[in-house]
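The values are calculated or read from the model by the stated rules, or taken from the named source; none is laboratory data. None of these values were measured; they are calculated from a predicted model. Glycine gets a Cβ as well: all are built from the backbone with ideal geometry, and neighbour counts include every protein chain shown. Ligands, DNA and RNA are stripped out before the accessible areas are found, and what is left, the full protein with its side chains, is counted by its heavy atoms. Shrake-Rupley method; radii C 1.70, N 1.55, O 1.52, S 1.80 Å.
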Amino acid sequence: MTSDLVDKQITVSVVVPVYSGSKYLHALFEEIQALRDRWVNEKAPMSLVEVIFVDDAAVDTSPEIIDQLSQQHSWVTAIHLARNFGQHPATIAGILHTSGDWIVTLDEDLQHPPAYIDELFREVAGSSYDVVYAKAESKVHENYTRDLGSSLYKRLIEKLSGIPNIRSFNSFRLIRGSVGRAAGSVCSHDTYFDVALSWFTQRVGIVPMRLKDHRFIQEGKSGYKLSKLLSHARRMLMSSGAKVSRIGGASGLLILGASLVFGLILLLRKIFFPETILVGGWTSLILAVVFFGGIITFLIGVALEYLSFLVTNAHGRPIFFIVDRKMDEVLVKYYAPEEP
Amino acid sequence: MIIFQRPITECGRRTSLHVIALFGMGLVGRAIAASLLRLSEWASQELAFSWVDPSQRLVDKSIIEQFIIRPADLPIDDKVHGIGQLDIVWVAGRAGFGSSQADVEQEFDAFCDVLEIAEHLCQKIPMASHAFHLFSSAGGLFEGQRQVHRDSMPEPKRPYGALKLEQERHLAAATQHVSKLIYRPSSVYGYSGTGLRIGLVSALVQNAIRHRVSQIFGEPHTIRDYVLASDIGSFVGNRLMARPRKSETFLLASGRPSTMFEMLRKTEQAVGRKLYCQFDSQPSNASHISFSKSALPDDWSPSDLDTGIRQTALQLRGAFVRNG
């Protein structure tokens with residue numbers, strides 16, 4: 001390792017979308033500050049240089065709290081969105097305001113304890129990942145129906161979208177800065193951020209940890225209602241939309257093939273076993289229907305393929321992306337087990 | 001350089017003159033001039049100021065000083081009684097990140113001569129309110145630093161940054177009768193007409209329209225902070241119109257770091273064409289620079305990047321249509 005790499009600090013930015021977290025924000029900030037101080041005291045190579053709170057048109061006193069925090073601490077930035085855009089756009093807005101080598105995104109309600117960020121970095125040090133998601137070891141909501149619903153929902157979306165690690169998607173994530181900012185900058189208003197991340201990297205890690213949705217446990221309220229979950233599912237499928245339209249294209253081709261085979265069978269029956277077809281003109285009519293039906297379905301499939309191509313382009317999926325992982329050596333050295 | 005002049009009106013009576021000597025008519029200089037013309041009615045006069053020839057500059061200096069001191073020469077309709085407010089704005093500069101020591105020395109000599117004009121005029125017109133506005137460079141001063149805040153110390157890494165720091169020091173040491181306003185803009189983009197330095201976005205848009213390759217000194221993930229020239233123009237315009245002024249330093253950044261990748265993507269979207277880029281990460285121009293929002297002036301409201309890029313692209317396309 002070169003000496004300038006050893007001396008270099010890995011800068012970390014934390015992004016917190018804020019909607020109704022006034023009760024938790026002070027405690028959350030204190031935990032983040034504790035982590036920042038601990039890294040300094042332990043002479044860790046990571047340096048928490050900024051916290052960005054994104055006010056997504058919050059419904060409580062959160063905007064005042066984050067303004068106050070940003071006035072008191074130069075490393076805290078408060079961003080106020082003009083209207084409620086939703087958690088993902090707020091997270092993207094925050095990410096596009098970061099400048100750290102690594103970006104951590106977490107929820108406002110202490111569901112994602114900042115102290116666990118260390119665990120995410122340990123995973124990067126072990127495998128040189130670009131994105132690391134936290135995964136709840138046990139039931140997050142301590143509510144059987146809610147947890148089962150969440151799990152089934154994620155499985156369904158995984159099948160439909162064809163993205164292998166979709167079940168690991170979590171808003172508590174550690175992202176390599178360059179990858180996160182690049183993914184954020186190609187997102188359109190309806191792109192699912194984690195799907196966009198998967199366009200830039202396949203190096204995705206998962207760290208199981210004890211996570212609890214305290215707000216849901218204590219108040220029975222969650223930021224996610226059924227309508228929001230459906231909206232999430234729609235966005236996830238549309239972002240990975242190439243697969244959905246490709247299924248349409250493939251089925252068109254399949255129907256054309258089947259119609260040709262069926263048409264051939266009917267033709268052979270008419271030639272070799274004419275007595276089995278009792279109604280005159282039936283064969284030609286069915287042959288025409290089957291053939292043109294197949295052709296039309298196939299052409300719709302071709303149109304869907306073109307559409308999927310355009311959608312992928314519109315979503316800004318890159319042809320390639322270059323990443324620099326040299327700085328990971330510093331983490332590897334820091335987290336390496338000490339020799340006896 | 002260009003001299004602007006307007007009468008100052010108090011209680012409906014024209015009492016004195018406000019004179020602004022603007023050195024530099026590049027991207028930012030033109031934006032300041034446009035802002036001034038929006039804020040008030042000015043008479044203006046262009047005068048020569050030699051960059052390269054020190055002996056010619058001596059002659060130019062003397063002409064400029066005489067011109068400012070004798071307001072009667074300017075085409076003002078009503079009689080006025082002397083200069084009440086005199087601002088000298090240094091927004092000139094041919095040096096850039098890649099400039100050599102020799103380039104920056106030439107620029108520094110020219111700057112010193114302009115500072116001398118300010119001091120002479122301060123002695124000759126003691127009753128007026130004098131201010132010197134210096135355009136420094138946040139990128140040059142804080143290269144390689146991230147989350148630059150109010151207490152961050154400039155640590156230039158190349159001759160260009162050292163020049164800007166030396167200019168600031170030189171101004172600070174000048175006569176105390178002159179208010180010293182220092183502006184430190186980050187990477188400036190925008191459209192202010194054609195000129196030598198057009199800024200990154202304009203260059204990208206022009207190249208995209210002409211299907212040319214853009215050479216970019218940096219890497220796709222290089223973080224910079226971009227500000228729109230017209231935002232700077234408006235901010236400085238308001239400062240020039242204000243009175244009295246105290247010595248201050250302003251960091252004119254957006255506080256919103258952007259990667260080159262993001263810039264390219266947004267420009268492609270705004271122009272509707274593919275950009276062809278050649279990245280050159282040598283000589284080490286790929287270091288990140290970003291600024292904390294808390295370090296920005298309270299009354300500074302930069303446009304967001306999307307709007308700025310679209311606006312610039314639109315203006316440039318308009319310019320292309322006009323120029324055939």
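Dividing the Cα radius of gyration of chain B by 2.2 N^0.38 Å, with N the residue count, gives 1.02. Inter-chain neighbour count for B:254-265: the average number of beta-carbon atoms from partner chains within 10 Å of each residue's beta-carbon is 5. For the range A:243-314, the spherically averaged projection of the C-alpha convex hull amounts to 4.7 nm². Taking a straight line from the alpha carbon of B:K274, these aspartates and glutamates sit under 16 Å away, with near neighbours fewer than eight places off in the same chain left out: B:E262. Which of the helices in chain A, when you take each full DSSP H run, stretch at least 18 Å along the axis at their Cα atoms and have an average Kyte-Doolittle score of -1.0 or higher? TM-like helix candidates: A:22-41, A:144-161, A:226-239, A:241-272, A:282-314. Of all DSSP bridge pairs formed entirely within the protein assembly as shown, close to 30 percent run antiparallel.
Look at the alpha carbon pairs under 8 Å that are at least 6 residues apart: their mean separation over the length of chain B gives a relative contact order of 19 percent. The orientation-averaged projection of the convex hull spanning the C-alpha atoms of the protein assembly as shown amounts to 43.2 square nanometres.
Considering helices alone, the calculated mean residue ellipticity of chain A at 222 nm is -17500 deg cm²/dmol, with DSSP H runs of length four and up weighted by -39500 (n - 2.57) and normalised per residue. Taken over the range A:7-144, the convex hull of the Cα atoms encloses 129 Å³ per residue.
Over 23 Å apart at the Cα level, from the set A:K23/B:K293; A:K43/A:K326; A:K135/A:K159; A:K8/B:K266; A:K43/A:K333; A:K154/A:K212, are A:K23/B:K293; A:K8/B:K266.
Residues whose amide H falls under 5 Å from that of B:S16, counting only those 5 or more places apart or on a different chain, are B:I8, B:H81, with hydrogens built in the peptide plane. Amide H contacts of B:C277 (H built 1.01 Å from N, in plane; Pro and chain starts excluded): B:S214 sit under 5 Å, all sequence-distant by 5 or more or on other chains. Loop-located trypsin sites (Lys or Arg not before Pro) across the range B:77-150 with a Cβ neighbour count of 14 or fewer within 10 Å are B:K79, B:R150, with loop assigned by DSSP. Restricting the range A:17-106 to GluC sites (Glu not before Pro) that sit in a DSSP loop and have at most 15 other Cβ atoms within 10 Å of their own Cβ leaves A:E42.
Looking at the square roots a ≥ b ≥ c of the eigenvalues of the Cα gyration tensor of the range B:166-324, which shape do they give, rounded for a/c under 1.5, prolate if a/b is larger than b/c, or oblate?
Prolate shape, in that a/c is at least 1.5 and a/b is the bigger ratio.
Which residues belonging to the range A:179-202 lose at least 10 Å² of 1.4 Å-probe accessible area when the assembly is complete, relative to their chain isolated? So the qualifying set is A:R181, A:A182, A:S185, A:V186. Once both labels are positioned 7 Å from their Cα atoms along Cα-to-Cβ, the gap between B:H170 and B:N238 label points is 3.0 nm.
Within the accessible surface of chain B, defined with a 1.4 Å probe on protein heavy atoms only, the carbon and sulfur portion equals 49 percent. Straightening the chain between A:H73 and A:L310 buys 80.8 nm, computed as 0.36 nm per residue apart minus the Cα-Cα spacing. In the range B:209-232, comparing the full protein assembly with the chain on its own, the residues that lose 30 Å² or more of accessible surface at a 1.4 Å probe are B:H221, B:I223. Take the accessible area of chain A alone and of chain B alone, subtract that of the pair, and you get about 1700 Å² summed over both chains, using a 1.4 Å probe.
What does the charge add up to near B:S35, with Lys and Arg as +1, Asp and Glu as -1, over the other residues with Cβ less than 12 Å from its Cβ?
+2
Here the contact order of the range A:243-314, divided by its residue count and restricted to Cα pairs under 8 Å and six or more residues apart, works out to 55 percent. Other protein chain C-beta atoms within 10 Å of residue C-beta, averaged over B:289-295: 5. Maximal additional length on extending the A:I319-A:R203 stretch stands at 40.0 nm, based on 0.36 nm per residue less the C-alpha distance. Counting only protein heavy atoms and a 1.4 Å probe, the protein assembly as shown has 47 square angstrom of accessible area per residue. The mean sequence distance of close C-alpha pairs (under 8 Å, at least 6 residues apart), as a share of the length of chain A, puts its relative contact order at 18 percent. Here is how the number arises for chain B: DSSP H runs of 4 or more residues each give -39500 (n - 2.57), the sum is divided by the residue count, and the result at 222 nm is -12500 deg cm²/dmol.
Taken residue by residue and averaged, Cβ atoms of other chains lying within 10 Å of the Cβ of A:71-79 number 3.
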